[in-house]
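Just below is one structure, and these are the notes that go with it.
Read-outs throughout are calculated quantities, based only on the coordinates presented, and are distinct from any laboratory measurement. On a predicted model such as this, the values are computed, not experimentally measured, just so you know. As a convention, Cβ positions derive from the backbone with ideal geometry for all residues, glycine included, and neighbour counts pool all protein chains shown.
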Amino acid sequence: MGAFFTDPILLATVLGTNLPFLSMVAILIFTRSNPKLSCRISVGAIAFAAVCAVFLLAKLYSASPLQYQTLWLNSGRLNIAFGYYLDPLSLLMLTIVGVVSCLVQIYSLGYMAGDPGYSRYFAFQSLFAWAMMNMVIAGSMLQLFIFWEMVGLASYFLIGFYYEKWSASQAGKKAFVMNRVGDVGFFLGLIWLVIGFGNLGIPELNHAASTQGLPQNLLTVSALLIFCGVVGKSAQFPLLTWLPDAMEGPTPVSALLHSATMVAAGVYMFSRIFPFFAASPDAMAIALAIGTVTMLLSSTMAMVTYDLKQVWAYSTVSQLGMMVMALAAGGYFAGVYHLTTHAGFKALLFLCSGIFIHEFHTNDMRIIGKQGGRKLKIPMVCIAVGALALSGVYPFSGFFSKEAILGVLAAQPNKIWLAAGFFGAVLTAYYSFRLIFHILLPKGGVEGKPHDGHAESAHEHEDEHHGYIFWAMAIPVMILACVSLVLGFLEQPIEHFLLHAVQAHPVQHVSEHGGGGSDWLLIMGVSAGLFGIAVAWFEYGRKGASRNGFLSYFPAIWKLFDCRWFIDIFYRKSLDTFVYGGLTSLFTKNDRRVIDGGIDGICFFTEGSGRVFSFLQSGMLQYNLLIMVLAAGAAVLYFLI
Amino acid sequence: MNSLSTYLIISALLFSLGLLGILQRRNLIGMLIAVELLLNSANLNFMAFNRFLTPDPVVGQVIALFVMGLAAAEAAIGLSIILALYRKMHSINIERAQRLKG
């Protein structure tokens, strides 16, 4: 206990990461009926947590990985420790989570104002932040898994926040169930590791894997099973359809979900035990293929939707696919760096979209453009910054991380991955600028003067109130836009910071290129982004453009993309056929025939035998008594004589 | 006269009377009274044995008190059953209760 108070690092870790949980408890129990106080508690707690995270990052910037742990479970060969593991990766992620959650909560002050579930919203936001922060600094895989599930739970609450809306509660359920599918694999992988290795500590695991301490088959099987968890959480190929549906939650939730928490958890876990994955080439090859397929599929989906949030949702899926590709190709730094920059600009994009949606009460980018979306100067500039970063244009952060990823892919012997990466970059630039041009240069100019006048008068009507709400939303957005500008130039320090730790645990596969390796790659990367933007300009931006997109000439392909490659329909059909048609009907039959039939049979037998035996007696009480007395008398006589 | 056998004979007589009543009467209230007779004969037995055979004067009396309490409870339950039967069948004749055999 003494060490707890004298060690500022431990104190900051424990307090910073657990304060949001306390705030959730306080809100749910005490201040639910007082929204003003609730939001202050929640924002205060998360701001403190963000400060603690930054403090830890600064304090431990050049220190070696720090570990606090106690033995939690010890039985024979099985050792499970519980504690904190502070290495560069977890510190970086902790800072991202803390800062982004803090900004999102400040933004929510404006976005959610007047909502009946205001207190509940902040309680769940706190729960989300708490779970994610604790997952990031977990010292063992089991602890990580526990908080991983807490993150899933919190996201379920927040996606289904408008629970009175049918589609929202369905979306929450879908996210939860699809995550369970992946988590079953994750948990089986952990059990497999416990049986084979007996220790779930993250540093121990990485050390053993990188020094050939694990047999290859154990490693491959458990790596693939654990990768199932990544697939579920980070919405990779077979399980990618829950993330677009998760749009049913409030927009700040989507921002949080898509940038720093939830989906980032999958990629984070991948990089957390990167040396472990890297020791199994087969698992890495499968992960690379899955990442590529995910990236291309979801990019194509984003090309046809008109829903503002859905475009960014698909783009998140494709960027996650890109991170998985980078990690699976051996680019530890490239993957983590892209995770960092992506957290910044994706939160930015979602929060800007939230301002548009809040202002125009629609998700359709065409209507927003028509009603004068470009008049909102601050969000318009910020969303353009975010889209430029996403497309990988030079001074913005996305450029640097995308170059790093392409560099890693170029190092692969098979060039098909690199080609897929370029193709993905083109698609990304195309769909993000399709959206920008839709809002900035709407078809037939800005129309609807009466609409505008109406909005204007409403604007004046609640002027003071509106101003507070607008600035609560605009300030986080501007901060994030600055971050997206600056983060790219911090590549060298971050790389040094991260790889410093990797050298502490020798890793074999790391072959970093660092972006500046080859000039042609740089040119190709930039030109891929610019080419996508140019195509989008040709179709949506220039005067007299058709604004339909080239895909509208191929209705079949449009339909394919619009229906998300029929993945959902396939799931629905196979659920109906195999689960509801096969398994469930078998269970129903078992229930009806075997269990119900058995109980009915027993009842029937009891009743029938009762009927048979009732013939033996007359129902005359006194005859029975007489017989009884006579029998007793006979017994007395027998014993007496 | 003042000997154990006198009391035992009286008690046996009471018991026989009770047995006769319970076997012969068709009226449920009558049967209940006959049961009370049976219990009282047993009580008399306890008291007599206690008085003449055991040195400890309390045991038999305590048991007799218990039996009285039991008899009260039994009478309450019996009467309520009879009432319920009467409501159902408008009679307290035991032969009507034959319908209960199912």
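With the helix formula -39500 (n - 2.57) applied to DSSP H stretches of n ≥ 4, chain A reaches a computed 222 nm mean residue ellipticity of -23500 deg cm²/dmol. Given axes a ≥ b ≥ c from the Cα gyration tensor, I'd like to know whether region A:86-151 is rounded (a/c under 1.5), prolate (a/b larger than b/c) or oblate. It is oblate, given that a/c is not under 1.5 and a/b is not larger than b/c.
Computed from the Cα positions only, the extents of region A:339-394 along the three principal axes stand at 33, 18, 17 Å, in decreasing order. Each label point is 7 Å from the Cα along the Cα-to-Cβ direction; what then is the distance between the points at A:Val612 and A:Ala289, in nm? Distance between label points: 6.5 nm. Applying a threshold of 24 Å to the alpha-carbon distances of A:Lys36/A:Lys174; A:Lys233/A:Lys346; A:Lys309/A:Lys370; A:Lys233/A:Lys402 flags A:Lys36/A:Lys174 as lying beyond it. What is the list of residues in region B:40-56 whose amide nitrogen lies under 20 Å from a point 7 angstrom out from the Cα of B:Ala12, following Cα to Cβ? Hits in region B:40-56 for B:Ala12 at 20 Å: B:40-53. Distance between the modelled labels on A:Thr6 and A:Tyr61, one decimal in nanometres: 2.8 nm (7 Å Cα→Cβ projection). By the gyration tensor of its Cα atoms, with a ≥ b ≥ c the square roots of the eigenvalues, what is the shape of region A:271-355: rounded for a/c under 1.5, prolate for a/b over b/c, or oblate? Judged from the Cα gyration tensor, region A:271-355 comes out oblate (a/c at least 1.5, b/c at or above a/b).
Shown is the FRET efficiency for A:His361 and A:Ala534, computed with R0 = 45 Å from the Cβ-Cβ distance and rounded to the nearest 0.05: 0.85.
Taking R0 as 60 Å, what FRET efficiency do you get between B:Met89 and A:Tyr163 from their Cβ-Cβ distance, rounded to the nearest 0.05?
According to the calculation, E is roughly 0.55.
Just to confirm my numbers, what's the Cα centroid distance between region A:339-373 and region B:1-65 in Å? So the two Cα centres are separated by 97 Å. As a calculated quantity, the FRET efficiency between A:Thr70 and A:Gln212 at R0 = 25 Å, using C-beta atoms, amounts to about 0.25.
Here the label points at A:Val636 and A:Ser585, each 7 Å from Cα along the C-beta direction, are separated by 7.2 nm in the simple model.
With N counted as the residues of region A:1-154, its alpha-carbon radius of gyration over 2.2 N^0.38 Å works out to 1.10. Taking the Cα of A:Val14, stepping 7 Å toward and past its beta carbon, and measuring to each backbone N in region A:121-147: which are under 17 Å? Counting only backbone N, you get A:134, A:137-139.
What the Kirkwood sum gives for chain A is a hydrodynamic radius of 26.8 Å, with every pair of different alpha carbons counted. Stokes-Einstein diffusion for chain B at 37 °C, viscosity 0.692 mPa s, with a Kirkwood radius from C-alpha pairs, works out to 215 µm²/s.
Nearest 10 degrees, 0 to 90: what angle lies between the long axis of helix A:88-111 and the longest principal axis of chain A (Cα atoms)? For A:88-111 against chain A, the angle is about 90 degrees.
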